[in-house]
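The values are calculated or read from the model by the stated rules, or taken from the named source; none is laboratory data. Only a predicted model underlies this, so the values are computations on that prediction, with no experimental measurement involved. Neighbour counts run over all protein chains shown; Cβ positions are idealised from the backbone, glycine included. In case anyone asks, the SASA skips ligands and DNA or RNA and just uses the protein heavy atoms, side chains included. Shrake-Rupley method; radii C 1.70, N 1.55, O 1.52, S 1.80 Å.
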Amino acid sequence: MSKVLQKILIPALCTVPILASAQTGKVQLSNESNLSINGKSNVNEFRCRYDHELQRDLLQYSYRYSDGSIRLEGLTLSLEVDEFDCGRKGINRDFRNTLLYEKYPFIHITLNELVLGEESDVVPTEALVTITIAGVKRVYTVPLNDFSSSEELILVGGNKILNMSDFGLTPPSPLMGLIKVSDELDIVFDLVITQN
């Protein structure tokens, strides 16, 4: 797949009928979308923003409604680790080295399922995703804190706290251990998605 920001993507399901048989669609992330990975240490907090064109290509997917959720296939997204900007060269270096970017240059996210608030809803309240960092896969439920849609656009926002140790990674401790970085990372996203 081309170099693409690929984060948790909510497809264009709000304006189409939900059917039991598999359906297909196409979506694209607008450059108005934002994504960051935030963390903290015993000294300060840091924010690593994805500093690259988010996505050029259309993403094609298929989906099927099943028991109050929408199951998806074909939505695997990728973030280039070295395209995150944490604001300082030293923090950028530590962030990239911690995520073993030379061996694993991408963070991959696969959207597996959208969970609806109620069976009659077409507005998802959370997403089930597989996140792969440094070659290790973990499945998470991600709450969707903000969601709205029109015929042209879907706006979705949320965040998910995860631990570096979930992926077998050790938080950096710069300056000979004087700075202790927390194991927790908070992935924060505000996505603008165009429907095609």
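Farthest toward the positive end of the dipole of region 91-196, out of V192, N145, L162, is the Cα of L162, where the dipole comes from beta carbon charges about the Cα centre. Rg and Dmax over the alpha-carbon atoms of region 19-89 stand at 17.1, 53 Å.
Counting only aspartates and glutamates at least 8 places from K26 when in the same chain, those with an alpha carbon closer than 20 Å to its own are E53, D57, E73, E113, E151, E152, D190. The mean of 1/r over all distinct Cα pairs in region 94-153, once inverted, gives the Kirkwood hydrodynamic radius of 13.7 Å.
With contacts taken as Cα pairs under 8 Å at a separation of at least 6 residues, region 148-196 carries a relative contact order of 51 percent.
Shape analysis of region 70-196 yields a ratio of the Cα radius of gyration to the Kirkwood radius, Rg/Rh, of 1.02. Shown for region 36-104: the carbon plus sulfur share of the solvent-accessible area, taken with all protein chains present and a 1.4 angstrom probe, equals 40%.
Highest mean packing first, where packing is the average number of other Cβ atoms within 10 Å per residue, the peptides 106-114, 130-138 line up as 106-114, 130-138.
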